[in-house]
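Heads up: the structure comes next, in structure tokens.
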Amino acid sequence: MDAFSSKEMALKAQKKILSSMATRSSVQMFIDDTTSEILDELYHVSKGYSGNKPEAQKVIKNLIKIAVKIGLLFRNNRFSTEELAVAQDFKKKLHQGAMTAISFYEVDFTFDKAVMSELLSSCRDLLLKLVNTHLTPKSHGRINHVFNHYSDPQLLTQLYEPDGPFRPNLTNICKGLNKLVEDGTI
């Protein structure tokens with residue numbers, strides 16, 4: 001019996017098209033304005049930290065591609081019951097990470113790079129487990145690239161310096177995270 005499925009073919013085509021078109025206009029249906037503002041701030045932090053504009057753009061582009069692909073998989077009901085449980089664990093861990101990031105921001109000198117780095121690494125591991133059978137090794141590499149970049153203890157330390165150059169970015173990131181938490185998005 002032929003295993004052809006037009007639905008499967010359409011999903012592959014959507015993933016391929018979105019993979020090559022991860023621009024602001026093409027992903028608005030998957031990423032809201034608040035999330036977009038957070039991504040812009042993360043870009044500025046990455047660019048300022050690394051001093052490398054193309055690398056900062058690549059990190060954000062990879063983050064957007066992963067978010068869009070996962071959104072696409074979710075909208076097409078591609079996750080099993082077990083994978084949906086992993087997705088719930090990921091959402092809880094992401095929520096915990098957001099609350100921790102906000103807390104570290106609001107209370108000066110409480111920042112602990114090991115705690116933040118570990119939360120981000122846990123999120124990465126859960127996300128890789130969730131998409132293990134759905135995305136290509138190249139996409140897995142994108143996930144690692146994004147999470148390894150933002151869980152860098154030196155980047156996190158500079159980000160949370162009370163009088164550091166990234167304080168305005170952190171302020172905007174935490175405002176956005178607060179809104180997403182209040183809305184129940186994360």
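State the percent of C-alpha pairs, over all pairs in segment 33-183, separated by a distance greater than 23 angstrom.
35
Using the heavy atoms of the protein chains and a 1.4 angstrom probe, tell me the accessible area per residue for segment 33-183 in square angstrom.
Spelled out: the 1.4 Å probe surface of segment 33-183, per residue, equals 52 Å².
Please name which of Asn178, His149, Leu159 has its Cα lying farthest along the dipole of segment 33-183 towards the positive end, using unit charges on Cβ (Lys, Arg +1; Asp, Glu -1) and the Cα centre as origin.
Checked the options; the winner is His149.
Can you compute the FRET efficiency between Glu161 and His134 using 1/(1 + (r/R0)^6), with r the Cβ-Cβ distance and R0 = 45 Å? Round to the nearest 0.05.
0.70
Given H placed on each backbone N at 1.01 Å, which residues far from Ile186 in sequence or on other chains put an amide H within less than 5 Å of it?
The answer is Val181.
Can you give the extra length, in nm with one decimal, that the chain gains between Phe109 and Arg75 once fully stretched, where that is 0.36 nm per residue apart less the Cα-Cα distance?
Full extension from Phe109 to Arg75 adds 8.1 nm.
Which distance in nm do the two modelled labels at Asn52 and Asp183 give, with both placed 7 Å along the Cα-to-Cβ direction?
So the two model labels end up 3.2 nm from each other.
Apply the Karplus curve 6.51 cos²θ - 1.76 cosθ + 1.60, θ = phi - 60°, to the phi angles in segment 80-85 and return the couplings in whole Hz, x for Gly and Pro.
Whole-Hz 3J(HN,Hα) from phi for segment 80-85: 6, 4, 5, 5, 5, 5.
For segment 33-183, with all protein chains present and a 1.4 Å probe, just round the carbon and sulfur fraction of the accessible area to a whole percent.
53
Return the loop-located chymotrypsin sites (Phe, Trp or Tyr not before Pro) in segment 58-146 (DSSP other than H, G, I, E, B) with at most 12 other Cβ atoms within 10 Å of their own Cβ; answer none if there are none.
Those satisfying the criteria are Phe109.
If packing is taken as the mean number of other Cβ atoms within 10 Å per residue, what is the order of 122-128, 82-88, 139-145, highest first?
The densest-packed peptide leads the list: 122-128, 139-145, 82-88.
Please report the relative contact order for segment 33-183, taking Cα pairs under 8 Å with a sequence separation of at least 6, and give it as a percent rounded to a whole number.
Dividing the mean separation by the residue count of segment 33-183 yields 35 percent.
Treating only the Cβ of Lys, Arg, Asp and Glu as charged (+1, +1, -1, -1), what charge dipole size does segment 33-183 show about its Cα centre? Round to the nearest 20 debye.
780
Kindly state, as a whole number, the per residue volume in cubic angstrom of the convex hull around the alpha carbon atoms of segment 101-186.
In segment 101-186, the Cα hull volume divided by residue count equals 100 Å³.
The values are calculated or read from the model by the stated rules, or taken from the named source; none is laboratory data. Everything numeric in this text was worked out from a predicted model, so none of it was measured. As a convention, Cβ positions derive from the backbone with ideal geometry for all residues, glycine included, and neighbour counts pool all protein chains shown. Only protein heavy atoms, including side chains, enter the accessible area calculation; ligands, DNA and RNA are left aside. Shrake-Rupley method; radii C 1.70, N 1.55, O 1.52, S 1.80 Å.
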